[in-house]
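**Student:** Questions regarding the structure given below will be posed in turn.
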Amino acid sequence: MQIIDGKRTAALIKEEIAAEVDRIVAAGGKRPHLSAILVGHDGGSETYVHNKVLVCEACGFKSTLYRFEETVSEEELLAQVERLNQDEDVDGFIVQLPLPQHISEQKVIEAIDFRKDVDGFHPVNVGRMAIGLPCYISATPKGILELLQRYHVGTSGKKCVILGRSNIVGKPMAQLMMQKQYGDATVTVCHSHSRDLKKECREADIIIAAIGRPEFVTADMVKEGATVIDVGTTRVPDATKKNGFRLSGDVKFDEVAPKCAFITPVPGGVGPMTICMLMKNTLSAGKKEFYE
Ligand code: NAP
């Protein structure tokens, strides 16, 4: 059994990105610039955005953060999106989700210029990904592909079961794993209405769990020699931790790991790769790799 070390892989990729930025700047090119919009004071969102800013610095990017109170109107937020769309210095930007209830997330996502949509959530990028055209691929599925490639996990022709069908993980993951140029696998997507999900999992060569149910995947659901990718990150109370919680994955790691060829831990697996892939998308934006 081999543990897929997302933390180490992410650190390596960040060094690769920083080296490329150095080369670009040394050759007189522009330093990539990522902006982020953060609304409100949700602890999780604050932490994610803070980490994104730190990783930008580590990669040698310029970063700017625009903060709004929870009470900001949809109109004001859309106006900020438009300013960033027009700002020639900004290569890519993100709007940290979730947004307050009175603001339509879909409207905001669709207002972002798809050429700067480094989160890969805009319908143009989602559609281009679905038909295999160059585009920004959302960070979590992109990070999982990168881990599978870097650890030489064979996917072509394999049976891959994806647990969860969200727009940000399950659906794009299924698209990518099925496509010839990426996973080239035979893909099954399971969700809360799937019948006999255990049987599907037991037949899988690769399981990608993204449901947000701590320790849902148990040893009896995994076949010997399978690869298990755990996307789940649920905060569960833990009095022994300073902040009062720990992160739990969707997989019961201790009993599943011994059966696996490869497995990702939580934390330290998929999580660190996600921010790293946002940086890769920003580098692509700076290089105008997909769009002029
Ligand atoms: P989400 O929007 O909450 O959707 C959860 C999906 O899981 C839904 O499709 C749901 O089915 C399915 N599901 C829920 N309970 C189930 C059950 N008992 N059996 C089968 N399917 C079930 O999920 P998400 O945003 O993709 O997030 C999933 C997990 O990944 C969360 O823990 C999240 O924190 C984590 N995550 C981690 C990263 C990272 O960087 N590591 C990034 C994104 C998300 P229905 O469609 O039928 O409701």
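**Student:** Just checking, how many residues over region 133-174 are open to solvent by 20 Å² or more (accessible area, probe 1.4 Å), in contact (Cβ under 8 Å) with a residue 40 or more places away in the chain and of a type outside the set (Val, Ile, Thr)?
**Tutor:** Residues flagged as open to solvent by 20 Å² or more (accessible area, probe 1.4 Å), in contact (Cβ under 8 Å) with a residue 40 or more places away in the chain and of a type outside the set (Val, Ile, Thr) within region 133-174 amount to 9.
**Student:** From the list 209, 219, pick out the single residue that is within 16 Å of the chain's Cα centre (by Cα) and open to solvent by less than 60 Å² (accessible area, probe 1.4 Å). Write out each step before concluding.
**Tutor:** Values: 219 fails: within 16 Å of the chain's Cα centre (by Cα).
Going through 209, 219 in turn, just one is within 16 Å of the chain's Cα centre (by Cα) and open to solvent by less than 60 Å² (accessible area, probe 1.4 Å): 209.
**Student:** Are any of the residues in region 176-192 of a type in the set (Ser, Thr, Tyr) and part of a strand (DSSP E or B)? Can you show your working first?
**Tutor:** Filtering region 176-192 down to residues of a type in the set (Ser, Thr, Tyr) leaves 182, 186, 188, 192.
From the residues that got through so far, the ones that are part of a strand (DSSP E or B) too are 186, 188.
Taking every residue of region 176-192 in turn, at least one turns out to be of a type in the set (Ser, Thr, Tyr) and part of a strand (DSSP E or B).
Okay, residues lined up against (1) in contact with a strand residue (DSSP E or B) (Cβ under 7 Å, 6 or more places away or on another chain); (2) part of a strand (DSSP E or B); (3) open to solvent by 40 Å² or more (accessible area, probe 1.4 Å); (4) closer than 15 Å to residue 278 by Cβ:
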{"residue": "14", "(1), (2), (3), (4)": "no, no, yes, yes"}
{"residue": "21", "(1), (2), (3), (4)": "no, no, no, yes"}
{"residue": "31", "(1), (2), (3), (4)": "yes, no, yes, no"}
{"residue": "38", "(1), (2), (3), (4)": "yes, yes, no, yes"}
{"residue": "48", "(1), (2), (3), (4)": "no, no, yes, yes"}
{"residue": "56", "(1), (2), (3), (4)": "yes, no, no, yes"}
{"residue": "89", "(1), (2), (3), (4)": "yes, no, yes, no"}
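**Student:** To continue, here is another question. Output yes when any residue across region 65-80 is under 19 Å from the mean Cα position of the chain (by Cα), open to solvent by 30 Å² or more (accessible area, probe 1.4 Å) and at pLDDT 95 or above, and no when none is. Quick ask: steps written out before the conclusion?
**Tutor:** Narrowing region 65-80 to residues under 19 Å from the mean Cα position of the chain (by Cα): none.
Within region 65-80, not a single residue is under 19 Å from the mean Cα position of the chain (by Cα), open to solvent by 30 Å² or more (accessible area, probe 1.4 Å) and at pLDDT 95 or above.
**Student:** Return only the number of the condition from (1) farther than 19 Å from residue 9 by Cβ; (2) surrounded by 15 or more Cβ atoms within 10 Å (Cβ to Cβ); (3) within 13 Å of the ligand (Cβ to nearest atom) that residue 185 does not satisfy.
**Tutor:** With (1) farther than 19 Å from residue 9 by Cβ; (2) surrounded by 15 or more Cβ atoms within 10 Å (Cβ to Cβ); (3) within 13 Å of the ligand (Cβ to nearest atom) applied to residue 185, the lone miss is (3).
**Student:** Could you run through region 273-292 and say how many residues are farther than 17 Å from residue 145 by Cβ and open to solvent by less than 20 Å² (accessible area, probe 1.4 Å)? Let's see the steps before the verdict.
**Tutor:** Within region 273-292, the subset farther than 17 Å from residue 145 by Cβ is 282, 285-288, 291-292.
Imposing the further condition that a residue be open to solvent by less than 20 Å² (accessible area, probe 1.4 Å) reduces the set to 282, 285.
Of the residues in that region, 2 qualify.
**Student:** Shifting gears a bit: Six or more apart or on different chains, Cβ under 7 Å: which pairs go from a residue in region 249-272 that's open to solvent by 10 Å² or more (accessible area, probe 1.4 Å) to one that's in a helix (DSSP H, G or I) and within 16 Å of the ligand (Cβ to nearest atom)? Could you list them?
**Tutor:** That search, which allows pairs on different chains as well, returns 265/253; 268/6; 268/7; 271/6; 272/6; 272/7; 272/10.
**Student:** If residue 177 passes every condition in (1) within 11 Å of the ligand (Cβ to nearest atom); (2) farther than 17 Å from residue 269 by Cα; (3) buried (at least 19 other Cβ atoms within 10 Å of the Cβ) but one, which one does it miss?
**Tutor:** (1)
**Student:** I would also like to ask the following. Scan region 232-246 and report the pairs whose first residue is β-branched (Val, Ile, Thr) and whose second residue is in a loop (DSSP other than H, G, I, E, B) and open to solvent by 80 Å² or more (accessible area, probe 1.4 Å), with Cβ atoms within less than 8 Å and a gap of 6+ or a chain change.
**Tutor:** Hits for this filter: 233/267; 234/213.
**Student:** Looking only at region 139-174, count how many residues are under 14 Å from the mean Cα position of the chain (by Cα), more than 10 Å from the ligand (Cβ to nearest atom) and among the basic types (Lys, Arg).
**Tutor:** 1
**Student:** Scan region 188-223 residue by residue and report those that are within 15 Å of residue 148 (Cβ to Cβ), within 16 Å of the ligand (Cβ to nearest atom) and touching a Cys at 6+ places or on another chain (Cβ under 6 Å). Before you say what the answer is, go through the steps one by one.
**Tutor:** As a first pass, look at region 188-223 and keep what is within 15 Å of residue 148 (Cβ to Cβ): 204-210.
Narrowing further to those that are within 16 Å of the ligand (Cβ to nearest atom): 204, 207-210.
Hit for region 188-223 is 207, nothing else.
**Student:** For residues that are over 20 Å from residue 66 (Cβ atoms), more than 16 Å from the ligand (Cβ to nearest atom) and buried (at least 21 other Cβ atoms within 10 Å of the Cβ), tally how many sit in region 95-128.
**Tutor:** 1
The values are calculated or read from the model by the stated rules, or taken from the named source; none is laboratory data. These numbers come from a predicted model, not from an experiment. Note that we place each Cβ from the backbone using ideal geometry, even for glycine, and neighbour counts take in every protein chain shown. Please note that ligands, DNA and RNA were not included when accessible areas were found on the heavy atoms of the full protein model with its side chains. Shrake-Rupley method; radii C 1.70, N 1.55, O 1.52, S 1.80 Å.
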